[in-house]
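Q: Dropping the structure in here first, questions after.
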């Protein structure tokens, strides 16, 4: 299956989960599940600035195409699917600058089911979160996705989902993002195949998300890069030696 790199990026980017929790027993009432990290209600919106770099190997060498745009995601409705599960309908709009009107680009769905936050877009189903949130928890968020799925970036094929493993790396931390302080932030690594004594030398798969309590996704960093330059590129960073793929950074600039 082939998809565009932008579809991939948005498909694995943040979602909002309902502030109400699933049915619980009396014994579970004192558990802090962490649903407040994902507030969801009709009319809720978040706006982001996105910066991208696309790598392309041409006859004259590797080119790097940079781009900046803005995205707005708004919860607009709910509906029941064929399994009678409650879905939240979220519209994504884009524009190049604040002077341009928002234009709807896509619609996706989010579900809270069996203590899992599930996101469905372009027929891809991601288990974004597992509740209750526990520091150090690891899960297969891409269990419904073939890790050999191919996307096309600048005419080049790349397998973005290799070596993904979701891990809750930070919880209830204080950080500053875009000059805005947040008192309670949680961090999820979806991919990071450069850790350990034997990092992958030809494929970089890195994806990290940060969420603020009662806000939602505030920052996302994603690097999907390939190279065949090894001996001649010793000491170079991935940004220097990459031959194909992309880098995308998403940061919250406004919300309600």
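The values are calculated or read from the model by the stated rules, or taken from the named source; none is laboratory data. On a predicted model such as this, the values are computed, not experimentally measured, just so you know. Methodologically, a virtual Cβ is constructed for each residue, glycine included, from the backbone with ideal geometry; neighbour enumeration extends over all protein chains shown.
Q: Can you give me the number of residues within the stretch 178-214 that are under 19 Å from residue 39 (Cα atoms) and either in contact with a strand residue (DSSP E or B) (Cβ under 6 Å, 6 or more places away or on another chain) or modelled with pLDDT under 95 (or both)?
A: Start the filter on the stretch 178-214 by keeping residues that are under 19 Å from residue 39 (Cα atoms), which leaves 180-188, 209-214.
So of that shortlist, the ones also either in contact with a strand residue (DSSP E or B) (Cβ under 6 Å, 6 or more places away or on another chain) or modelled with pLDDT under 95 (or both) come out as 182-188, 209-214.
Qualifying residue count, the stretch 178-214: 13.
Q: If residue 168 meets every condition in (1) under 23 Å from residue 49 (Cβ atoms); (2) part of a strand (DSSP E or B) apart from one, which number is that one?
A: Of the numbered conditions (1) under 23 Å from residue 49 (Cβ atoms); (2) part of a strand (DSSP E or B), the odd one out for residue 168 is (1).
Q: Return the residues of the stretch 109-123 that are under 14 Å from the mean Cα position of the chain (by Cα) and either part of a loop (DSSP other than H, G, I, E, B) or surrounded by fewer than 20 Cβ atoms within 10 Å (Cβ to Cβ) (or both); say none if nothing qualifies. Walk me through how you get there before you give the answer.
A: Filtering the stretch 109-123 down to residues under 14 Å from the mean Cα position of the chain (by Cα) leaves 110, 117-121.
Matches in the stretch 109-123: 120 only.
Q: Moving on. Of the residues that sit in the stretch 224-256 and are touching a helix residue (DSSP H, G or I) at 6+ places or on another chain (Cβ under 7 Å) and buried (at least 18 other Cβ atoms within 10 Å of the Cβ), which one is farthest from residue 201 (Cα to Cα)? I'd like the intermediate steps shown before the answer.
A: Within the stretch 224-256, the subset touching a helix residue (DSSP H, G or I) at 6+ places or on another chain (Cβ under 7 Å) is 225, 227, 229, 233, 241, 246, 248.
Cutting the leftovers down to buried (at least 18 other Cβ atoms within 10 Å of the Cβ) gives us 225, 227, 241, 246, 248.
Working: 225: 11, 227: 8, 241: 10, 246: 16, 248: 20 Å.
Per the stated criteria, the residue is 248.
Q: Search the stretch 122-133 for residues that are without any contact (Cβ under 8 Å) to a residue 40 or more places away in the chain and at negative phi and pair each with any residue that is crowded, with 21+ Cβ neighbours inside 10 Å and not in a strand (DSSP E or B) when their beta-carbon atoms are under 7 Å apart and the residues are at least 6 apart or on different chains.
A: From residues that are without any contact (Cβ under 8 Å) to a residue 40 or more places away in the chain and at negative phi, the pairs are 127/141.
Q: Separate question: What single numbered condition from (1) buried (at least 18 other Cβ atoms within 10 Å of the Cβ); (2) more than 30 Å from residue 238 (Cα to Cα); (3) touching a residue at least 40 places away in the same chain (Cβ under 8 Å); (4) within 17 Å of the chain's Cα centre (by Cα) fails to hold for residue 71?
A: The failed condition is (2).
Q: To continue, here is another question. Hey, does the stretch 88-108 have a residue that's surrounded by 19 or more Cβ atoms within 10 Å (Cβ to Cβ) and farther than 29 Å from residue 51 by Cβ?
A: The answer is no; no qualifying residue exists.
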